[in-house]
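Quick notes on the structure that follows.
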Amino acid sequence: MFSILSNYSDEIINKVQLDIDLFIKNFVEKSIKGYSPKFPVCPFAKKARLDGESVVQIYSGGDYRKFIIKNLEWLCDHDTYGVMLQVFPPRIRFSPGIFEFIRDTNRWTIPKDFFSLHGRTPNTLSSYPGFFNSSEYFIIGTNKLSKVIPAVDKLFELGYYDAPTWTQEHLETVVYNRLKQYELYK
């Protein structure tokens, strides 16, 4: 199992937290050119944040796989939260098997009503130190399926997925993949 041995200082973690707070408020919760002008990038993120239904976990070092599992187990045990964002140094996305690992966590989180996808934070520059960390953060977003699946249907009705960024490949990766895995593991 691969691990990142560095432990990051509180100063670094606080900078990362600030970066992510700004990313959420200034990108995820806003209407952005290229996305639908009628909708924020994630139409439900602001409400979840303001209602105390979302949580952000910042990676501080150690075995990233244990960090992911620990956070997912915690989320599955805390019904208050419907959204979790786990934030990592950019170099984590180059770890062998990371995408398969995330997909495999869905085998046990889907029956508990949660689904995870990996991604990046556009328009950000990581505050984690190191040459391979000078790009966008690597993230894992986890959502409560009982909220997301009905919301997706509503967003289709409202035309949200008609925006230019929602190519067939993007729809397949984000929307249809979630539904396929849900049907497979529910």
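The values are calculated or read from the model by the stated rules, or taken from the named source; none is laboratory data. Keep in mind it's a predicted model, so treat the numbers as computed, not measured. Backbone-built Cβ (ideal geometry, glycine too); neighbour counts: all protein chains shown.
Remarks
- GLN181 part of a strand (DSSP E or B), under 22 Å from LYS70 (Cβ atoms) and in contact with a helix residue (DSSP H, G or I) (Cβ under 6 Å, 6 or more places away or on another chain): no
- Among the residues of segment 98-115, the ones that are within 14 Å of ARG65 (Cα to Cα), without any contact (Cβ under 8 Å) to a residue 60 or more places away in the chain and not aromatic (Phe, Trp, Tyr) come to 5 in all.
- Segment 150-178, subset of a type in the set (Ser, Thr, Tyr) and not in a loop (DSSP other than H, G, I, E, B), residue farthest from ASN106 (Cα to Cα): TYR160
- Residues being surrounded by fewer than 20 Cβ atoms within 10 Å (Cβ to Cβ) and either farther than 20 Å from VAL148 by Cα or out of contact with any Gly (no Cβ under 9 Å at 6 or more places or on another chain) (or both) - total across segment 72-103: 18
- Pairs where the first residue, in segment 159-177, is over 22 Å from THR142 (Cα atoms) and the second is not polar (S, T, N, Q), C-beta under 8 Å, 6+ apart: GLY159/LYS38; ALA163/GLY34; ALA163/TYR35; ALA163/PHE39; PRO164/GLY34; PRO164/TYR35
- Pairs linking a residue in segment 130-150 that is closer than 18 Å to SER54 by Cβ to a residue that is in a loop (DSSP other than H, G, I, E, B) and among the small types (Gly, Ala, Ser), with Cβ atoms under 7 Å and 6 or more positions apart or on different chains, are TYR137/SER126; ASN143/GLY82; LYS144/GLY82; LYS147/GLY82.
- In a residue-by-residue description of segment 12-19, the property of being in contact with a helix residue (DSSP H, G or I) (Cβ under 8 Å, 6 or more places away or on another chain) and surrounded by 13 or more Cβ atoms within 10 Å (Cβ to Cβ) applies to no position.
- Any hit, segment 74-87, residues being out of contact with any helix residue (DSSP H, G or I) (no Cβ under 6 Å at 6 or more places or on another chain), at pLDDT 95 or above and assigned to a helix (DSSP H, G or I): yes
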